[in-house]
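Participant: Okay, handing you the structure first.
Every read-out reported here was derived from the displayed coordinates using simple, explicitly stated rules and does not represent laboratory data. If you're wondering where the values come from, they're calculated on a predicted model, not measured in any experiment. Ideal geometry is used to build each Cβ from the backbone, glycine not excepted, and the neighbour counts take in all protein chains shown.
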C-alpha cells in the first residue's frame, strides 16, 4: 500500500486530505509542522509527501530543504495558497527539489490526479 505524508498546520486541511486518500486505499499519516514531519520521516518512510509552504515554526521551504538533506529521493509536492509567480515560490520549490505545486483551496480532482500520478512513478 502506498504511503502518503500530509504536512499542514491547518488541522481541517490535513484531516480532509487524509480521509480523502484513505478512502482510495492510500495509507496516510499527518504532521502539523515541519518539525513533526521530519521526526516522522526518521521513523517511517513515505512514498510521497504533501507539504504546505506557509506554516508556523519552520516553513515549507526549509522543511523541503531538510527533507532533501535527509534523502534526496523523497518525493515532495508543495501545497500553497500563493500564486506560482508570488515571491518566485514555484521556482524556489523546484530548485529545492519539489516535484509539483498544488494550490489551495484544494480541488479534489486535481489533487487526486497529481498524487496518484506521482505515486505510480517509480522512485529514482
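Participant: Would you mind ranking 1, 78 so that the residue whose beta carbon has the fewest other beta carbons within 10 Å leads the list?
Facilitator: Values: 1 7, 78 26.
In increasing order of surrounding Cβ atoms, one gets 1, 78.
Participant: Right, next: I'm spelling it out carefully: the read-out is volume of the Cα convex hull per residue in Å³, the candidates are (1) 86; (2) 136; (3) 95, and one was derived from this structure. Which label?
Facilitator: Entry (3).
Participant: When the helices in the chain are scored as -39500 (n - 2.57) per DSSP H run of 4 or longer and the sum is shared across all residues, what 222 nm value do you end up with, to the nearest 500 deg cm²/dmol?
Facilitator: Working: 5 runs with 54 residues, N = 124.
Counting only the DSSP helices, I get -13000 deg cm²/dmol.
Participant: Cα centroid distance between segment 87-119 and segment 1-36, in Å?
Facilitator: 15
Participant: Is the C-alpha gyration tensor of segment 30-71 telling us rounded, prolate or oblate? Criteria: a/c under 1.5 is rounded; beyond that, a/b larger than b/c is prolate, otherwise oblate.
Facilitator: prolate
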